[in-house]
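A.B. asks: What follows is a single structure, and I will ask about it in a moment.
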Amino acid sequence: MQTTDSQVPNAAPTAGELNAQLRLFSEHLSRVVGGPPIQLPSYPVVALQAQRILMDPNAGLERLLGVISSEPVFAAKIVSMANSAALSRPGQRVASLRAAVSRLGFDALRTAAVSFALSQLRNAAAYRGIAQPVKELCETGVEVGVLGFVLARHTRAALPDTALLAGLVSGMGKLYILTRAEEFPVLLANSWTRRELFQSWHAQLAGHVLENWQMPPEIIDAVAGMDRAGTETREAPKLADVLACAQLIREMQQRPDELALALIASQAAQRLLLTPEVCDGLLEESLSERAQLASALTY
């Protein structure tokens with residue numbers, strides 16, 4: 001019996017259909033980038049409030065404590081982070097939220113807020129259809145942040161806590177694109193078009209999301225510039241170089257020969273004086289610490 005096209009479900013889209021959808025989605029993203037700062041669907045209000053308080057020089061400790069204590073899971077994670085070996089300052093363990101907030105620096109508190117928010121997004125109904133790619137993006141952010149922390153401390157190209165936070169939020173543009181999956185399912189189900197969208201738009205979209213979160217300009221600039229840092233020929237190292245190298249190591253650390261060649265070719269790695277030998281030593285020395293940091297950021 002002959003089967004008509006209308007009887008074939010989920011027929012693969014043609015190249016023309018993909019290109020038409022890609023053009024339509026790109027036009028949508030262009031309008032988004034040209035508009036006001038954007039917010040991710042279902043982003044927890046408590047996390048956003050905490051982030052904005054941390055950027056307000058006139059906000060006092062009591063206001064911050066009031067916001068954080070309204071969400072017990074968030075508050076418990078901050079106490080846990082303050083007592084983690086990787087992030088804590090020397091001294092006795094803390095048991096109260098007030099002591100934990102006082103011990104952690106602003107960037108570490110912002111990291112806690114974003115980490116909590118991402119854990120909530122992974123379970124949000126609005127993300128049910130994209131749960132796996134969202135999970136993978138969040139895990140990648142943690143890995144890049146942890147590696148950035150280690151690299152920043154070794155190279156002194158940025159503050160370690162700042163590099164940790166920047167790595168954690170480095171995929172927010174991609175996450176925003178994924179949230180449009182229900183409107184453009186064909187595009188985001190196709191690996192080629194999804195990659196094209198990520199490469200073309202994620203840096204600009206991440207900047208818009210991070211502006212709405214009132215992230216420091218240094219972090220916004222670093223996330224926007226990390227993908228081109230490996231080919232830039234400037235002299236002074238900066239946070240974007242740390243993120244670029246952290247991302248490179250995350251992608252290739254299971255392929256050491258390829259990683260060594262990539263580091264030699266990377267302008268960012270050259271600015272950080274990150275040779276393959278130095279990288280191998282850092283990865284070996286920081287194995288336990290990286291595990292502790294990843295655990296501190298995981299809910």
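A.B. asks: Given VAL114, GLY129, VAL150, which one lies farthest toward the positive end of the charge dipole of the chain, if we put +1 on the Cβ of every Lys and Arg and -1 on the Cβ of every Asp and Glu?
C.D. replies: The residue sitting farthest along the positive end of the dipole is VAL114.
A.B. asks: Might you report the magnitude of the Cβ-based charge dipole of region 191-299 about its Cα centre, with Lys and Arg at +1 and Asp and Glu at -1, to the nearest 20 debye?
C.D. replies: Around 320 debye, computed over region 191-299.
A.B. asks: In region 135-236, how does Rg compare with the Kirkwood Rh, expressed as the Rg/Rh ratio over alpha carbon atoms?
C.D. replies: 1.00
A.B. asks: Still on this structure: In percent, what relative contact order does the chain have, based on Cα pairs under 8 Å that are 6 or more apart in sequence?
C.D. replies: 20
A.B. asks: Something else now. State whether region 89-169 is rounded, prolate or oblate according to the following rule on the C-alpha gyration tensor (a ≥ b ≥ c being the square roots of its eigenvalues): a/c under 1.5 gives rounded; otherwise a/b larger than b/c gives prolate, and the remaining case gives oblate. Intermediate values should be presented prior to the final figure.
C.D. replies: Values: a/c = 3.13, a/b = 1.39, b/c = 2.25.
Taking the square roots of the gyration eigenvalues as a ≥ b ≥ c, region 89-169 is oblate.
A.B. asks: With a cap of 16 neighbouring Cβ atoms within 10 Å, and only residues DSSP puts in a loop, list the trypsin sites (Lys or Arg not before Pro) found in region 89-143.
C.D. replies: Working: sites: ARG93, ARG98, ARG103, ARG110, ARG122, ARG128, LYS135; in loops: ARG93.
For trypsin sites (Lys or Arg not before Pro) across region 89-143 that sit outside H, G, I, E and B with at most 16 neighbouring Cβ atoms in 10 Å, the list reads ARG93.
A.B. asks: Volume per residue, Å³, of the convex hull around the alpha-carbon atoms of region 179-248?
C.D. replies: 102
A.B. asks: FRET efficiency for GLU182 and GLN292, Cβ-Cβ distance as r, R0 = 45 Å, nearest 0.05?
C.D. replies: Values: r = 38 Å, r/R0 = 0.84.
For GLU182 and GLN292, the calculated efficiency is 0.75.
A.B. asks: Find which of THR231, TRP192, SER70 sits farthest along the positive direction of the dipole of the chain, computed with +1 on the beta-carbon of Lys and Arg, -1 on that of Asp and Glu, about the Cα centre.
C.D. replies: The residue sitting most towards the positive pole is SER70.
A.B. asks: Same structure again: Roughly how many debye, to the nearest 20, is the charge dipole of region 40-296 about its Cα centre, given +1 on each Lys and Arg Cβ, -1 on each Asp and Glu Cβ, and no other charges?
C.D. replies: Roughly 680 debye for region 40-296.
A.B. asks: For LYS77, give me every one of the lysines with a C-alpha distance below 24 angstrom, ignoring sequence neighbours fewer than eight places off in its own chain.
C.D. replies: LYS135
A.B. asks: Could you compute the FRET efficiency for ASP221 and GLN254, with r as their C-beta to C-beta distance and R0 at 30 Å, rounded to 0.05? Walk me through the intermediate numbers first.
C.D. replies: Numbers: r = 30 Å, r/R0 = 1.01.
For ASP221 and GLN254, the calculated efficiency is 0.50.
A.B. asks: Report, in deg cm²/dmol and to the nearest 500, the calculated mean residue ellipticity at 222 nm for the chain, where each DSSP H run with n ≥ 4 adds -39500 (n - 2.57) and the sum is divided by the residue count.
C.D. replies: Helix contribution divided over all residues of the chain: -20500 deg cm²/dmol.
A.B. asks: Write down the Å³ per residue value for the convex hull defined by the alpha carbon atoms of the chain.
C.D. replies: Roughly 164 Å³ of hull volume per residue.
A.B. asks: Taking only Cα atoms and a 10 Å spring cutoff, compute GNM fluctuations for the chain and point out the largest among GLU284, GLU211, GLU182.
C.D. replies: Per the Cα network of the chain with a 10 Å cutoff, GLU284 tops the list.
A.B. asks: Rounded to the nearest 0.05, what FRET efficiency do ALA20 and ALA126 have when you use their Cβ-Cβ distance and R0 = 25 Å?
C.D. replies: FRET efficiency, ALA20 to ALA126: 0.40.
Read-outs: derived from the displayed coordinates by stated rules, not from any lab. Just so it is clear, the model here is predicted, and its values are computed rather than measured. All Cβ positions, even for glycine, are placed from backbone atoms using ideal geometry, and neighbour counts span all protein chains on display.
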